[in-house]
Amino acid sequence: MKTYLVGIGVFAMLAAANVSADFVSGDLQLRDAMYLYDQGVDARGSKTLGSSNCDVFQLVLDVTSGYMDLVMGVGNASPLNSFVYPDRIHDSAAMFAYALSGNDTWKVFGFNDKGNLASTAQIGKGTIFGYCYSTKPDAYVYFMETDKCTVKYSDGSTESIPNCVPSSGSSLVVNNMSDLVGSYTQNVTFSAPGSQCAAVGALSGTTSVTYNVTVSGSQLTLLGYNSNGSCHYTLNKISGDSVSGYNLSGSATCDSPPYLSASVSGLKKVGSKLIGKVTQSWSGCTQTVTLQ
């Protein structure tokens, strides 16, 4: 019977394509693996990728939206010895690989916002792969979700965590855009290729912008401004929700130049920021604004 352990870790090394460990005596093979696509992560760290009896446990992570802090653990009993990866992993980063190795029975990777562990807010999404290399044929990988009180294994089977109460906030999906209301100051990247855009003075590059968001029914008003000027967007919801992001279309009026049309895709709140992509067009120029 498979078991599982909640914990966070202490020892890590950079993963390599051909995994080896000098303490191993025997045939080190890929014993198990898990593949998690479009996996959401909350601030408090309710998602844990764990392993049992893996001599080398490798994580491959691609953050596709938002960000994640990574915490690791190794040990033979709970609580595990812990180690927090010093750098936050954003969706702008390349695919990330890390591995835990040693004789400890349990090795785990946790994903959270280390500065906001009391929050159930969704902070990001990503593709998460876990690979178990071991001399032991009974080694395996599992994925624990304490917000759902479940543990999943690579064969698709699922177990319930005893004495666990699911988080009522973890599955809350908002679709009325009320979750976006507020003020945000963050980096934004402007992309405006071509001579037509240069002729009208369209911005390019990354700069800090402050956004104020209000909502009335299915209409969202977005005011963005910085030292270069301001834009006032009037947008109507087409589809989406707080988890997948909202898709909207409408118009924008700016200091210079005046945009004629605007559309937004994947707009949502992640932590203290808005993420999504704005496309705005005028005078033969199409500019893309990426909120990050």
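Could you list 270, 188 in order of exposure, starting from the residue whose Cβ has the fewest other Cβ atoms within 10 Å?
Numbers: 270 23, 188 20.
The fewest-first ordering by Cβ neighbours comes to 188, 270.
Grab the DSSP H runs of the chain that are 4 residues or longer, score each as -39,500 (n - 2.57), total them, divide by all residues and round the 222 nm result to the nearest 500 deg cm²/dmol.
Details: 1 runs with 5 residues, N = 292.
Using -39500 (n - 2.57) per qualifying helix, the result is -500 deg cm²/dmol.
Beyond 20 Å between alpha-carbons counts as too far, so tell me which of 47/136; 107/269; 237/268 fall in that bin. Write out the running numbers ahead of the final one.
Values: 47/136 26 Å; 107/269 32 Å; 237/268 12 Å.
Beyond 20 Å: 47/136; 107/269.
Starting at the first residue of region 273-289, write each ³J(HN,Hα) from the Karplus equation 6.51 cos²θ - 1.76 cosθ + 1.60 with θ = phi - 60°, in whole Hz, x for Gly and Pro.
Those phi angles translate into 10, 9, 10, x, 10, 10, 10, 9, 10, 6, 6, x, 10, 10, 10, 10, 10 Hz.
How are the Cα pair distances of region 148-242 distributed, in percent, across 5 Å bins from 0?
Final binned percentages: 3, 10, 13, 13, 13, 11, 9, 8, 9, 6, 4, 2, 0.
For region 186-202, take each phi angle, set θ = phi - 60°, evaluate the Karplus expression 6.51 cos²θ - 1.76 cosθ + 1.60, and give the result in whole Hz per residue in order, putting x for glycine and proline.
With coefficients 6.51, -1.76 and 1.60, one gets 7, 7, 9, 10, 9, 10, 9, x, x, 5, 4, 5, 5, 5, 9, x, 5 Hz.
Could you point to the label whose value was computed as Kirkwood radius over Cα pairs in Å for the structure here, given (1) 23.5; (2) 18.7; (3) 21.0?
Only one option fits the structure, namely (3).
Straight-line reach only, C-alpha to C-alpha below 16 angstrom: list the aspartates and glutamates that residue 125 could link to, leaving out same-chain residues fewer than 8 apart.
Cross-link targets: 38, 42, 62, 69, 91, 113, 145, 147, 241.
Among 242, 263, 101, 195, which comes first, then next, by fewest other beta-carbon atoms within 10 Å? Don't jump to the answer; show the numbers that get you there.
Working: 242 19, 263 16, 101 23, 195 8.
In order of increasing Cβ crowding within 10 Å: 195, 263, 242, 101.
FYI, it's all coordinate maths here, none of it is from the lab. As the structure is a computational prediction, the values presented were derived from the model and not from experiment. Glycine gets a Cβ as well: all are built from the backbone with ideal geometry, and neighbour counts include every protein chain shown.
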